[in-house]
Amino acid sequence: MTASTIYATDFNAAPLTIARRRNYPRKNSHFAHADAFALGQIDRVFDAAFVGFWWSHMLLGDTARFLRGLSNRLRSGSTIAILDNRYVEGSNYPIVRVDSEGNTYQRRSLPDGSEYDVLKNFPTVGELHAAVTPYGVNSDITELDYYWLLTFNTR
Ligand SMILES: C[S@@+](CC[C@H](N)C(=O)[O-])C[C@H]1O[C@@H](n2cnc3c(N)ncnc32)[C@H](O)[C@@H]1O
């Protein structure tokens with residue numbers, strides 16, 4: 001699958017700046033600020049979506065409203081592809097905390113030595129299928145060594 005035009009979003013300015021600095025020879029990429037939970041503010045409808053390394057940073061209780069908002073921006077039958085990390089011992093930061101809802105957290109440090117617990121969930125294949133079933137059909141999950149890839153079509 002290839003895209004004739006790409007509309008890429010993030011909530012924060014820094015990743016958008018990094019993305020904009022890259023070279024896009026086809027000049028078909030547009031970058032914009034957007035809250036993943038308020039995609040209704042984007043006044044456009046799309047026919048495919050790619051979600052990169054965002055799922056793991058959502059609270060388990062937020063995945064449904066994210067998928068609902070994303071599906072509402074897409075035509076029926078659109079393909080959604082979601083890519084994120086698998087938990088691989090020794091490759092990931094260890095999980096240091098599990099909250100009462102089952103969300104898992106990694107402790108990460110910045111160059112200045114400050115430390116933060118960062119939300120990072122590692123869903124099972126069954127949890128992913130269950131999460132997307134209300135919003136899509138044909139869900140398929142590929143488990144790579146370090147990543148999982150979920151694809152499905154909007155209803
Ligand atoms: C692990 S990074 C992935 C960045 C990029 N998608 C990539 O694959 O390289 C997670 C991103 O989620 C963004 N983010 C956090 N909260 C968000 C929100 N409510 N809406 C949209 N993006 C958000 C962060 O700014 C960060 O860039």
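For the reader, a short list of remarks on this structure follows.
- Mean ellipticity per residue at 222 nm, deg cm²/dmol - from DSSP H runs of n ≥ 4 across the chain, formula -39500 (n - 2.57): -5000 deg cm²/dmol
- Computed over the range 58-116, Cα set: Rg, Dmax in Å: 16.0, 48
- When you restrict to C-alpha pairs under 8 Å that are six or more residues apart and normalise by the size of the chain, the relative contact order lands at 21 percent.
- Rg/Rh (Cα only; Kirkwood hydrodynamic radius) as it applies to the range 112-155: 1.18
- Estimated dipole of the chain in Debye, rounded to 20 [Cβ of Lys and Arg +1, of Asp and Glu -1, Cα centre]: 720 debye
- Of the chymotrypsin sites (Phe, Trp or Tyr not before Pro) found in the range 108-149, those in coil by DSSP whose Cβ has at most 15 other Cβ atoms within 10 Å are TYR146.
- Kirkwood analysis of the Cα pair distances in the range 22-91 returns a hydrodynamic radius of 14.0 Å.
- Remark: spin-label model distance ALA32-ARG107 equals 4.1 nm, labels positioned 7 Å along the Cα→Cβ axis.
- Label point at ASN12 placed 7 Å out along Cα→Cβ; residues across the range 75-110 whose backbone nitrogen lies under 13 Å: 108-110
- Local electrostatic count, PHE37, Cβ distance below 14 Å [Lys/Arg +1, Asp/Glu -1]: 0
- Modelled FRET efficiency - R0 25 Å, MET1 with ASP99, Cβ distances, 0.05 increments: 0.10
- Of the residues THR154, ALA131, MET1, the one whose Cα sits farthest toward the positive end of the charge dipole of the chain, with +1 on the Cβ of Lys and Arg and -1 on the Cβ of Asp and Glu, is MET1.
- Cα convex hull of the chain, projected area averaged across orientations, nm²: 10.6 nm²
- In loop segments of the range 68-155 as defined by DSSP, the GluC sites (Glu not before Pro) with at most 15 further C-beta atoms inside 10 Å of their C-beta are GLU89, GLU101.
- Translational diffusion of the range 65-155, µm² s⁻¹ [Kirkwood Rh, Cα pairs; Stokes-Einstein; 4 °C; 1.567 mPa s]: 87 µm²/s
Every number here is computed from the coordinates shown, using simple stated rules; none is lab data. Being a predicted model, the structure only gives us computed values, none of them experimental. Positions of Cβ are generated from backbone atoms using ideal geometry, with glycine treated the same way; all protein chains shown enter the neighbour counts.
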